[in-house]
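Reading through the structure tokens given below for one structure.
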């Protein structure tokens, strides 16, 4: 009986030691995120994926752009997904002069390296401003790009634009866009409204062209077609993992994991994920898990 108790006691102690070692060896990663659907999804996908690879993950989401950036700089979070255009224009105060997306990425990567922030591989998802039309109109009228739109307007086609007040007034908004592509919407054919109302107005036929964000979930849900920006008028906002160098040095395999996730995202994928939450009303946790399972990562 004594020998049996000793064996049980030994096994119990051994299990405690093993579990303690496993817990101690699990790398702790704090994943930050902003407060809108796309960012909540990116953080949740990252958290679930890293957890499945043995990391001890804590999510800190719901922050504003400036706050989450400061949290990264101040070591309160280890990584979050940022947009190249946001860093280029807002954090680093550069001027946009039709630089291609690759140039913007290299600029922010080089500058942030000086303060210990690493930009990993940029995804193909670009959440920038865009103009969109109904997919049926894109096919029927042959409007696939902003150049096509210019040709139609210059030929006398009557098209109505829906855009927000900010874009109508800003120095890098509608007026310079029209100048860059050589067209002009008559003032009477411009309807200014809140950003969220533009999608409904375009869907319902109240406007023919709408200002949108390229990865919004309502684009696929409402069967819109985004017009190609052939002249790179809009700055690139490529979704990219940004990580503290100190964190990468301590967890060298982390870069591989995050780059793998980054390689899965493009405009269509992110739009579809956003739509599952915003249109289909699924939970962020459910959508993230479904995405990872569909990719064979869970």
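The values are calculated or read from the model by the stated rules, or taken from the named source; none is laboratory data. From a predicted model like this one, the values you see are computed outputs, not experimental measurements. Cβ atoms come from the backbone with ideal geometry, glycine included; neighbour counts cover every protein chain shown.
Quick notes on this one:
- Lone qualifier among 240, 195, 200 - being assigned by TED's automatic domain parsing to the domain that holds residue 266 and either out of contact with any strand residue (DSSP E or B) (no Cβ under 6 Å at 6 or more places or on another chain) or under 22 Å from residue 95 (Cβ atoms) (or both): 240
- Restricting the range 135-151 to residues that are closer than 10 Å to residue 226 by Cα and in contact with a helix residue (DSSP H, G or I) (Cβ under 9 Å, 6 or more places away or on another chain) leaves a set whose member that is surrounded by the fewest Cβ atoms within 10 Å (Cβ to Cβ) is 144.
- Hits in the range 261-286 - residues which are assigned to a helix (DSSP H, G or I) and more than 11 Å from residue 37 (Cα to Cα): 261, 262, 267, 268, 269, 272, 285, 286
- Some residue of the range 278-298 being under 19 Å from the mean Cα position of the chain (by Cα) and under 23 Å from residue 112 (Cβ atoms): no
- If the condition is being in contact with a helix residue (DSSP H, G or I) (Cβ under 9 Å, 6 or more places away or on another chain), closer than 18 Å to residue 120 by Cα and either in the same structural domain as residue 214 (by TED's automatic domain parsing) or part of a helix (DSSP H, G or I) (or both), then the range 59-98 contributes 68, 69, 84, 85, 86, 87, 88, 91.
- Strands (runs of 3 or more DSSP E) contained in the range 116-192 and holding at least 3 residues closer than 16 Å to residue 210 by Cα: 129-134, 161-163, 190-192
- For the range 195-204, the criterion of a residue being surrounded by fewer than 16 Cβ atoms within 10 Å (Cβ to Cβ) and closer than 18 Å to residue 80 by Cα is satisfied by no position.
- In the condition set (1) more than 17 Å from residue 132 (Cα to Cα); (2) touching a strand residue (DSSP E or B) at 6+ places or on another chain (Cβ under 7 Å); (3) at pLDDT below 95, residue 234 is compliant with all but (1).
- Within the range 269-285, the set of residues being touching a helix residue (DSSP H, G or I) at 6+ places or on another chain (Cβ under 7 Å) and either surrounded by fewer than 16 Cβ atoms within 10 Å (Cβ to Cβ) or not assigned by TED's automatic domain parsing to the domain that holds residue 29 (or both) comprises 279, 282, 285.
- Residue match in the range 146-167 (condition: without any contact (Cβ under 8 Å) to a residue 40 or more places away in the chain and within 25 Å of the chain's Cα centre (by Cα)): yes
- Only one entry of 114, 141 meets the criterion of being without any contact (Cβ under 8 Å) to a residue 24 or more places away in the chain and within 29 Å of residue 257 (Cα to Cα), and that entry is 114.
- Selection count where residues are free of Cβ contacts under 8 Å to residues at least 60 places away in the same chain and in contact with a strand residue (DSSP E or B) (Cβ under 6 Å, 6 or more places away or on another chain), scope the range 78-107: 0
- Residue match in the range 208-224 (condition: touching a residue at least 12 places away in the same chain (Cβ under 8 Å), touching a strand residue (DSSP E or B) at 6+ places or on another chain (Cβ under 6 Å) and surrounded by fewer than 23 Cβ atoms within 10 Å (Cβ to Cβ)): yes
- Cβ separations smaller than 7 Å between residues 6+ apart or across chains give the following pairs from the range 276-298 residues that are without any contact (Cβ under 8 Å) to a residue 60 or more places away in the chain to residues that are surrounded by 13 or more Cβ atoms within 10 Å (Cβ to Cβ) and in a loop (DSSP other than H, G, I, E, B): 276/282; 295/264.
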